[in-house]
1. Consider just the alpha-carbon atoms of region 46-110 and return their Rg together with their Dmax, both in angstrom.
2. Considering amide H positions built from the backbone, and no H for Pro or chain starts, which residues 5 or more places from L111, or on another chain, come under 5 Å of its amide H?
3. For K87 paired with A103, estimate the spin-label separation in nm (one decimal), with each label point 7 Å from Cα along the Cα-to-Cβ line.
4. Under a point spin-label approximation (7 Å from Cα along Cα-to-Cβ), what is the E69-A48 distance to one decimal in nm?
Amino acid sequence: MTMQPVSRLGAVPHIAAFTIALSLLAGCSARTVDRQWETPAQPADPLASARSLLQGYADGREVGSEAMEFDAIVKQVTEVDAAKGEKLRKFLTSIKNAPDPAAAAKLAKEL
């Protein structure tokens, strides 16, 4: 019996096919869980929102489109504190009628 030289190139396609199959199987079996952590929405503090609004007017900001939300803001503040809600309603009514931002700033600083 004579031995013939073994060519390693004949095994390359089999090794390549085995490597590809192994990586495909490993990729398919790996489980990744995409967890989305949801934090419950904290209700906005109406008093903090009103303070921020008043501070803006005290700093000289002009009354803008937020004036359309004045009634809703007053309602939210009134639900938390009726006396502060009434003061806020009176202030927002007067600030709507203020002739200029300086007058509105003066009113805000007085409040």
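Rule-based calculations on the coordinates, nothing more; no lab input. All values reported here derive from a predicted model rather than from experimental measurement. Please note: Cβ atoms are built from the backbone with ideal geometry, for glycine as well, and neighbour counts cover all protein chains shown.
1. When restricted to the Cα atoms of region 46-110, Rg and Dmax are 10.8, 31 Å.
2. Placed amide hydrogens put nothing under 5 Å from L111.
3. Once both label points are built, they end up 2.3 nm from each other.
4. Computed distance between label sites E69 and A48 equals 1.4 nm.
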